[in-house]
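Down below is the structure, laid out as structure tokens.
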Amino acid sequence: MNTYILGIESSCDETSMSIVKNGREEIATIVLTQMDVHAHYGGVVPEIASRMHIENITLVLESLLQKANMKVEEIDAIAVTYGPGLVGSLLVGVEAAKTLSYIYNKPLVPVHHIAGHIYANALEEEMKFPLIALVVSGGHTELIYMKEDYSFQKIGGTVDDAVGEAYDKVARVLSLSYPGGPKIDALALQGKDSYPLPLPMNDSTYDFSFSGLKSAVININHNEKQRGNSIIKEDLACSFQNRVTKILSKKTKHALESYHVKNLIVAGGVAASRGLRESLSKMTSEIGVSIHFPSMKYCTDNAAMIAAAGYFAYKLGHRADLTLNASANASLNGGK
Amino acid sequence: MIYLLLDTSSTNLIVSLAMDDKILYFYKCEDIIEHSTVLLKEIDIGLKHNKLSISDIGTIFVVNGPGSFTGLRVGVTLAKVLAYALKIKIIPISSLEWMATTEFNGDYIVPYIDARRGYIYAGMYDKNLQSIIKDQYISITECINFLPKASKITFVGNTSVKGIETFIKSEENVISIIKKHKSDEGMNPHLVNPNYLKRVEAEERLHDSQNT
């Protein structure tokens, strides 16, 4: 028997809903992004994001049902991102999910946003366990060990800025418009590694720190300007990206070896970076680990990944009731 | 006709069910911090208490602001999803008009909500809930100077603010809202949104910088 999950995601600036069959097959997805609006402000403005989610929520639902040619009655369960993220944004998705669950008497499945990013991989190929997941996005930088389906052990994460956040801040220094991450990636390909930047938090832990690296970029930019020199953007982008990919690869390798894991999953918006893909692919091929990147459309925030993760959570009996609330700092550990 | 009224515009949370002009259920809780954990549960309790189901509701009145941004988001999201899914009539109600259903003596009632930093959201209504001065975001001083001096005015609020010495606490009346608005044309649920009466600060700064 087939199981259809309706996924709802609104943790940042994308209002998205999706229907996924058996956790693997995407029936239809709608993603309404607010990126153009937030670009005016150089970053996501939480209050604006939240206001726009409310304006769009029923429109996204209507478009989804039309595209899937399905009714909510035909769905088996409703999965929703309850955290982490911007609380005002999360609330809209959570409230919509609870309301639909109540009206149609469907089970409500709470999904952690990071679990969603990881399970984006299930939409394209079967996930093999045990695995290490490296989740890299504007809000997250985490190494997670998964012994089996839906078991999450966070083994490391950033102690300050998320990697995508560092990309965006460095992009601002280089006067690149928001979102700057993809632009840095493109510039880096044309530049050479000529600026002396530190390799941040180069130790034996699985944790990351990107705020010092970001400050070093700001300082170089400032000092060169003081001296009347202009910055070679391509080179600074390349130097910055090289440090980021080097430390991410190094610690991921350390995790793969220590946990004796032969599968690496990379997820989140920064997984789209060509520089990072190259560096990680090279590392994994050297140590004989198979590496999996979701397609671009599943790297950024979307509800298909929430419905996919929701399917596995649903099968394990995870349920929330009408009192479910948004949780800005929800932690991913154990099974939830 | 079964009516559902939701108010999450402040730290008060109100859920009411009515059949025609009879109140079936009225839940009011003060000092709510997390509207989201309470609202749907209270609707469920109200319905069950009256042996009704969610699909029996024919019209939703949703208090859509001004007021607490977070509170409004919970109530309005729930209401618009409900109206969209059940294909029922949805009518947004001003939070100030809703407060103006409180019984009072005198000519006019001025409902207000503390908007902090010396500002309030306020409007002026008569006994028939007609808006005499439109709802607005205004400084308390300006509001007081603006009010007609010759009339007898009653302030209604839920918290005291500096500059308004005497006020009565709001005692909202669902039946007044039903009587006044039951024949209103419903809104397209997609277009029902909170009426914040205040732009986001970042928007104001952007707007100002573009105009200078």
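Given the options A:78, A:48, name the one that is surrounded by 24 or more Cβ atoms within 10 Å (Cβ to Cβ), more than 30 Å from residue A:283 (Cα to Cα) and within 14 Å of chain B (Cβ to nearest Cβ). Spell out how you get there, then give the answer.
Details: A:48 fails: surrounded by 24 or more Cβ atoms within 10 Å (Cβ to Cβ).
Just one listed residue meets the conditions, A:78.
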Read through the list (1) in the same structural domain as residue B:58 (by TED's automatic domain parsing); (2) in contact (Cβ under 8 Å) with a residue 40 or more places away in the chain, then give the number of the only condition that residue B:156 fails.
-> (1)
Identify the single condition in (1) in contact with a strand residue (DSSP E or B) (Cβ under 6 Å, 6 or more places away or on another chain); (2) over 22 Å from residue A:33 (Cα atoms) that residue A:162 does not satisfy, given that it satisfies every other one.
-> (2)
Mind telling me which of the residues A:111, A:94 ends up being buried (at least 17 other Cβ atoms within 10 Å of the Cβ) and within 13 Å of another protein chain (Cβ to nearest Cβ)?
-> A:94
Conditions (1) in contact with a Ser or Thr (Cβ under 9 Å, 6 or more places away or on another chain); (2) within 14 Å of chain A (Cβ to nearest Cβ) -> residue B:92 fails only (1)
Residues within the stretch B:61-90 that are surrounded by fewer than 24 Cβ atoms within 10 Å (Cβ to Cβ) and either in contact with a strand residue (DSSP E or B) (Cβ under 7 Å, 6 or more places away or on another chain) or among the acidic types (Asp, Glu) (or both), tallied | 3
Which condition breaks for residue A:99 when tested against (1) without any contact (Cβ under 8 Å) to a residue 12 or more places away in the chain; (2) assigned by TED's automatic domain parsing to the domain that holds residue A:230?
-> (2)
Subset of the stretch B:169-197 [β-branched (Val, Ile, Thr) and part of a loop (DSSP other than H, G, I, E, B)] | B:192
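Going through A:267, A:309, A:271 one at a time, which residue ends up being in contact with a strand residue (DSSP E or B) (Cβ under 7 Å, 6 or more places away or on another chain), outside the structural domain of residue A:146 (by TED's automatic domain parsing) and small (Gly, Ala, Ser)? Full working, then the answer.
On the way: A:267 fails: outside the structural domain of residue A:146 (by TED's automatic domain parsing); A:271 fails: outside the structural domain of residue A:146 (by TED's automatic domain parsing).
Exactly one residue qualifies, and that residue is A:309.
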Filtering the stretch A:6-29 down to residues that are within 17 Å of residue A:99 (Cα to Cα) and not in a strand (DSSP E or B) yields A:10
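Anything in the stretch A:42-52 that is without any contact (Cβ under 8 Å) to a residue 40 or more places away in the chain and closer than 14 Å to residue B:204 by Cα? List them, or say none. Please lay out each step first, then the result.
Residues of the stretch A:42-52 that are without any contact (Cβ under 8 Å) to a residue 40 or more places away in the chain, as a first pass: A:45, A:48, A:51-52.
Answer for the stretch A:42-52, where residues must be without any contact (Cβ under 8 Å) to a residue 40 or more places away in the chain and closer than 14 Å to residue B:204 by Cα: A:45, A:48.
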If you take the residues of the stretch A:239-268 that are in contact with a Ser or Thr (Cβ under 6 Å, 6 or more places away or on another chain) and in a helix (DSSP H, G or I), which of them is nearest to residue A:161 (Cα to Cα)?
-> A:245
Starting from residues that are under 23 Å from residue A:108 (Cα atoms), in contact (Cβ under 8 Å) with a residue 24 or more places away in the chain and surrounded by fewer than 22 Cβ atoms within 10 Å (Cβ to Cβ), keep the ones in the stretch B:19-46 and report whichever is farthest from the other protein chains (Cβ to nearest Cβ).
-> B:46
Does the stretch A:292-319 hold any residues that are surrounded by fewer than 22 Cβ atoms within 10 Å (Cβ to Cβ), among the small types (Gly, Ala, Ser) and over 23 Å from residue A:272 (Cβ atoms), and which are they?
-> A:317
Condition test on residue A:335, is it more than 20 Å from residue A:165 (Cα to Cα), at pLDDT below 95 and either crowded, with 19+ Cβ neighbours inside 10 Å or not aromatic (Phe, Trp, Tyr) (or both)?
-> yes
From (1) of a type in the set (Lys, Arg); (2) in contact with a Ser or Thr (Cβ under 6 Å, 6 or more places away or on another chain); (3) over 27 Å from residue A:90 (Cα atoms), pick out the condition that doesn't hold for residue B:80.
-> (3)
Residues of the stretch A:301-323 classified as in contact with a helix residue (DSSP H, G or I) (Cβ under 6 Å, 6 or more places away or on another chain) and within 14 Å of chain B (Cβ to nearest Cβ), total = 2
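Hey, can you tell me all the residues within the stretch B:164-194 that are within 11 Å of another protein chain (Cβ to nearest Cβ) and surrounded by 15 or more Cβ atoms within 10 Å (Cβ to Cβ)? Explain how you work it out, then say what you get.
As a first pass, look at the stretch B:164-194 and keep what is within 11 Å of another protein chain (Cβ to nearest Cβ): B:188-194.
Across the stretch B:164-194, the qualifying residues are B:189, B:190, B:192, B:193, B:194.
The values are calculated or read from the model by the stated rules, or taken from the named source; none is laboratory data. Everything quoted here is computed from the prediction, not taken from an experiment. Because the Cβ atoms are built from the backbone with ideal geometry, glycine has one as well, and the counts that use them run over all protein chains shown.
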